[in-house]
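Some notes on the structure that comes next.
Here, each number is a calculation from the coordinates, and none is a lab measurement. Everything quoted here is computed from the prediction, not taken from an experiment. Reconstructed Cβ throughout: ideal geometry from the backbone, glycine too, with neighbour counts over all protein chains shown.
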Amino acid sequence: MREIAFRDALNEALAEEMERDPDVFLMGEEVAEYNGAYKVSKGLLDQFGPRRVIDTPIVELGFAGLGVGAALAGLKPVIEMMTFNFAILALDQVVNHAAKARYMSNGQLSCPIVIRGAGGAGGSLAAQHSQSLEAHYAHVPGLKVMMPATPKDAKGMLKTAIRDPDPVIFIESEVLYGYKGEVPEEEYLIPMGKGEIKREGGDCTVITWSRMVHTVMDAAEELKNSDGVDVEVLDLRTLRPLDKDLIRESVKKTNRVVVVEEAWPWASVGASVADFVARDLFDWLDAPVGRVNQRDVPMPYAFNLEPLSLPSVERVAEAVKKACYL
Amino acid sequence: MADTETTVQAQELDGELAATAREELGDERILEMLRTMVLLRRFEHHAGRAYQRRKIQGFCHLYSGQEAVAVGSLSAATMEDYIVSHYREHGHALARGMEPKAVMAELFGKVTGCAGGKGGSMHLYDVERRFMGGWGIVGGQIALGNGMAFAAKYREEEAVCIAYLGDGAVHQGIVHETLNMAQVWGLPLIAIVENNEYAMGTALERVSAVTDLEKKALAYDMAAETVDGQDVFAVYDAVKRARDRAVAGEGPTWMDIHTYRYYGHSMTDPATYRTREEVDEVKDLKDPIVRLSNWMIAEGMATQEEVDAIDDEMEELVKECVAFADESDQPDPSALTADVYVEWNADID
């Protein structure tokens, strides 16, 4: 199978959905003439013209709100946030408007918007540009949240997000844009709310998503070699709604769970996943639910400090061993 | 008790604008406008009373005094136009032609309400009439309106979006982000500032570096004007011209429409920040219903008796709305978890 980069997989998803549905348009900072800050929208202006690929002024709240209004009027906006650090400025339109429209109108309104862009640490970007903020969105009823880990998932999930009738927050790990992987030539969709077992194993389930899938895969390989531990890697892919069935299935097999996320530990998605596992699967557990997170501090700039903060292969391996009483 | 009987000294409407509007709209439409304005007044009177009886709870912001803004502006709109408003929106909803019973029932939190009881006073919707909601975060709705104007232009519809905001919203960043984009892209947005002089309890001049709000549009090189919001034909005329420009592709318009609210900010506001004399003076001199009915009587379009009869009729109609709302059922408990999503393939808990 052909291999393409994560950013190009996203680009294909956008192009295919814009080709398929004339109501889909892309709006954001630098998406058109600059071809995207991360080149996700490369070539789309040439292909679809300035009516559908639109550069904005730097007003995250303003163009998010425009997108929400356009969605309420029946269009299918894809709003690019250069990074989700800046999407904080748009939270009012996302939380107070997009997420509430359907409910407050008693089902009269739908808000089929996708708000997508880079999230997580990118490498020496310091505290304001390195945040994993998915919990902010996953907390809110009315929103759906997707975070792909591979080029194949990125393409199939973005196409699903664009077709979804509800507001979808789609966060792309900044360090994955150049990551290459197999992507089918033919059209496919990755369903909303469905995770995937990225590696099968019988000893311990590691639940994770986005960039951390790769860290966990490396840790799993190392644990196999060093201790003969078979780790099952469960990539949630969608954080809201949560694929509880897949978690149940895996945990009933392994009886041990570690939750690994790039975000901070307190009040996080991982905390809620651990809470679900502890309450729903208590009788199936042979050890307390383990967790690995970014350290509970703002991200430092210094080259040696950032890796100390992020979850590492070593910290994941340590947590798995602890869950396995090794 | 009828507000229409109060005074003989009210200011006259702008005669020229009234004459033009009469030519354009015809006597029947103008009579209907008067009826709608009286409906709004009676509706709010009874909404206030129902609030005092705790039939309506939460926040409730009454529109009385501002009737000419809703009725004048929406008389210039077509049913293809998108309407989006703030939380003082009972008047806009009714002026858009929404069923008064459904609006009152929504205030009562009943299943027969226009949002099934899930929206309440601040969140009225009738998407079939393109009444796209009352929204509760000050200024947020203008961004939605910009998106609706964008959609109208994107689909090449002959439609505009009329977005209402209060003078308190004018300082929000979202308003300025929105105006800039609307002008850059020539969107058919008509932003109507219902300038009733007070943002909750804060007088405009206390918090605005520029009190002539029309000037806010200068920074965006946007068409703008100041309008007498107590003269229904002045509002109609200004919005009609703005609409003509917008559908001709000439872009958005910003309007500072001067009006006044008779009640406090919300039902819990005793309005101690202004004097009784100030309120009475507006009621005596500038009441939009009295000014319209005086003009109609002077023009021979109606008699005082006919105007009084409209008042009685609307009073009865609103009483029926209250009875309907009172007798309607509350939403079924199953409504609690309905319509969070269109599609949701997981359990709620």
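Please report the relative contact order for chain A, taking Cα pairs under 8 Å with a sequence separation of at least 6, and give it as a percent rounded to a whole number. Walk me through the intermediate numbers first.
Working: 729 pairs, mean separation 52.1, N = 326.
Reported relative contact order: 16 percent.
Taking 22 Å as R0, compute the FRET efficiency from the Cβ-Cβ separation of A:Asp227 and A:Lys253 and round it to 0.05.
After rounding, the FRET efficiency stands at 0.70.
Chymotrypsin sites (Phe, Trp or Tyr not before Pro) within the stretch A:115-220: which are DSSP loop residues with at most 15 other Cβ atoms inside 10 Å? Intermediate results must be reported in sequence, preceding the final value.
Details: sites: A:Tyr137, A:Phe170, A:Tyr177, A:Tyr179, A:Tyr188, A:Trp209; in loops: A:Tyr177, A:Tyr179, A:Tyr188, A:Trp209.
Sparse-neighbourhood loop chymotrypsin sites (Phe, Trp or Tyr not before Pro): A:Tyr188.
Could you pull out the longest piece of chain B with no exposed loop trypsin sites (Lys or Arg not before Pro) in it, calling a site exposed if DSSP puts it outside H, G, I, E, B and it has at most 10 other Cβ atoms within 10 Å?
Here the longest run is B:55-349.
Work from the charge dipole of the protein assembly as shown (Cβ charges, +1 for Lys and Arg, -1 for Asp and Glu, about the Cα centre) and give the residue of B:Ser121, B:Asn146, A:Ala121 farthest towards its positive end.
Value computed over the given set: A:Ala121.
Let me check I've understood the local charge: for A:Tyr179, count other residues with C-beta under 12 angstrom from its C-beta, Lys and Arg +1, Asp and Glu -1. What total comes out? All intermediate terms of the calculation are to be shown ahead of the outcome.
Details: positive: A:Arg7, A:Lys152, A:Lys180, A:Arg211; negative: A:Glu3, A:Asp8, A:Asp153, A:Glu172, A:Glu174, A:Glu182.
That sum, taken over residues with Cβ under 12 Å, equals -2.
Mind scanning A:Lys152/A:Lys198; A:Lys39/A:Lys100; A:Lys180/A:Lys322; A:Lys76/A:Lys180 and naming the pairs with a C-alpha gap bigger than 23 Å?
As for pairs spanning more than 23 Å Cα to Cα, those are A:Lys39/A:Lys100; A:Lys180/A:Lys322; A:Lys76/A:Lys180.
What full-extension length gain, to one decimal in nm, is calculated for B:Gln330 and B:Glu128 as 0.36 nm per residue of separation minus the Cα-Cα distance?
Extra length available between B:Gln330 and B:Glu128 comes to 70.4 nm.
Let me have the relative contact order for the stretch B:1-149, percent, based on Cα pairs under 8 Å that are six or more residues apart.
After rounding, I find 20 percent.
At 0.36 nm per residue, minus the direct Cα-Cα distance, what do A:Trp284 and A:Glu19 gain on full extension? Give it in nm, one decimal, please.
Gain in length upon complete extension: 90.6 nm.
Could you check which residue among B:Leu107, B:Leu189, B:Leu17 shows the biggest mean-square fluctuation in a GNM of chain B with a 10 Å Cα cutoff?
B:Leu17
Restricting attention to the stretch A:241-326, which chymotrypsin sites (Phe, Trp or Tyr not before Pro) occupy a DSSP loop and are surrounded by at most 14 other Cβ atoms within 10 Å?
The qualifying sites are A:Trp266, A:Tyr301, A:Phe303, A:Tyr325.
Taking chain B as a Gaussian network, Cα atoms linked when under 10 Å apart, which of B:Leu218, B:Leu317, B:Leu94 shows the biggest mean-square fluctuation?
B:Leu218
Ignore the peptide's own chain and count Cβ atoms of other chains within 10 Å of each Cβ in B:82-88; give me the average, rounded. Provide the component values of the computation, followed by the final result.
Working: counts 3, 0, 3, 0, 0, 0, 0.
Taking all residues of B:82-88 together, the mean is 1.
Can you give the Kirkwood hydrodynamic radius for the stretch B:3-328, in Å, rounded to one decimal and based on Cα pairs?
Its Kirkwood hydrodynamic radius stands at 19.7 Å.
Where the centroid of each part is defined by its Cα atoms, how far is the stretch B:296-349 from the stretch A:114-177 in Å?
Here the two parts' Cα centres lie 42 Å apart.
Among all lysine pairs in the stretch B:3-328 that are eight or more places apart or on different chains, how many have alpha carbons less than 15 angstrom apart?
Numbers: B:Lys55/B:Lys101; B:Lys55/B:Lys110; B:Lys55/B:Lys319; B:Lys101/B:Lys110; B:Lys101/B:Lys319; B:Lys110/B:Lys118.
Going through the stretch B:3-328 pair by pair, I get 6.
Determine the dipole magnitude for chain A: charges of +1 sit on the beta-carbon of Lys and Arg, -1 on that of Asp and Glu, nothing else is charged, the reference point is the Cα centre, and the result goes in debye to the nearest 20.
Using only the charged Cβ atoms, the result is roughly 600 debye.
For chain B, with a Gaussian network of springs between Cα atoms less than 10 Å apart, report the residue from B:Ala102, B:Ala338, B:Ala182 with the top mean-square fluctuation.
Checking each option, the largest mean-square fluctuation is seen for B:Ala338.
In the stretch B:3-328, if the dipole is taken from +1 on Lys/Arg beta carbons and -1 on Asp/Glu beta carbons about the Cα centre, which of B:Thr268, B:Thr78, B:Leu187 is farthest to the positive end?
The residue sitting most towards the positive pole is B:Thr268.
Given R₀ = 45 Å, FRET efficiency for B:Gln52-A:Glu185 by Cβ-Cβ distance, to 0.05?
After rounding to 0.05, the efficiency reads 0.05.
For A:Leu61, what charge total do you get from the other residues with a beta carbon under 11 Å from its beta carbon, if Lys and Arg give +1 and Asp and Glu give -1? Walk me through the numbers on the way to the answer.
Numbers: positive: none; negative: A:Glu60, A:Asp92, B:Glu177.
Net charge around A:Leu61: -3.
What would the Debye formula give as log10 I(q)/I(0) at q = 0.18 Å⁻¹ for the alpha-carbon point model of the stretch A:196-323, no solvent?
Log-scaled intensity ratios, in q order: -0.90.
In debye, nearest 20, what is the charge dipole magnitude of the stretch B:107-243 about its Cα centre with +1 on Lys and Arg Cβ and -1 on Asp and Glu Cβ, if you could check? Intermediate results must be reported in sequence, preceding the final value.
Values: 12 positive and 17 negative charges, 107 e Å.
Dipole about the Cα centre, nearest 20: 520 debye.
Need one word for the protein assembly as shown: rounded, prolate or oblate. Basis is the Cα gyration tensor (sqrt eigenvalues a ≥ b ≥ c); a/c below 1.5 gives rounded, then a/b vs b/c decides.
Prolate, because a/c is 1.5 or more and a/b exceeds b/c.
Can you tell me the length gained on complete extension of the stretch A:Asp55 to A:Ile88, counting 0.36 nm per residue apart and subtracting the Cα distance? Walk me through the intermediate numbers first.
Working: separation 33, 0.36 × 33 = 11.88 nm, distance 1.95 nm.
Full-extension gain reported as 9.9 nm.
Tell me what chain A gives for mean residue ellipticity at 222 nm when only DSSP H runs of n ≥ 4 count, each as -39,500 (n - 2.57), the sum divided by the residue total, rounded to 500 deg cm²/dmol.
-10000 deg cm²/dmol
Work out the charge dipole of the stretch A:3-182 with +1 on the Cβ of Lys and Arg and -1 on the Cβ of Asp and Glu about the Cα centre, then indicate which of A:Tyr137, A:Val168, A:Met104 is farthest towards its positive end.
The residue sitting farthest along the positive end of the dipole is A:Met104.
Could you calculate the FRET efficiency of B:Gln11 with A:Ala302 from 1/(1 + (r/R0)^6), where r is the beta carbon distance between them and R0 is 60 Å, rounded to 0.05?
0.30
In debye, nearest 20, what is the charge dipole magnitude of chain B about its Cα centre with +1 on Lys and Arg Cβ and -1 on Asp and Glu Cβ, if you could check? All intermediate terms of the calculation are to be shown ahead of the outcome.
Details: 32 positive and 62 negative charges, 207 e Å.
For this selection, approximately 1000 debye.
Counting other Cβ atoms within 10 Å, which GluC sites (Glu not before Pro) in the stretch A:118-185 have at most 11 and lie in a DSSP loop?
Answer by residue number: A:Glu185.
Would you mind computing, in nm to one decimal, how far apart the modelled labels at A:Ala126 and B:Glu320 are, each placed 7 Å from Cα along Cα→Cβ?
Going by the 7 Å Cα→Cβ label model, 6.8 nm.
Please report B:Cys321, A:Cys111 as a ranked list, fewest other C-beta atoms within 10 angstrom at the top and most at the bottom.
In order of increasing Cβ crowding within 10 Å: B:Cys321, A:Cys111.
Return a whole-number percent for the relative contact order of the stretch B:3-328, with Cα pairs under 8 Å and 6 or more residues apart as the contact set.
On the way: 637 pairs, mean separation 86.2, N = 326.
About 26 percent, as a whole number.
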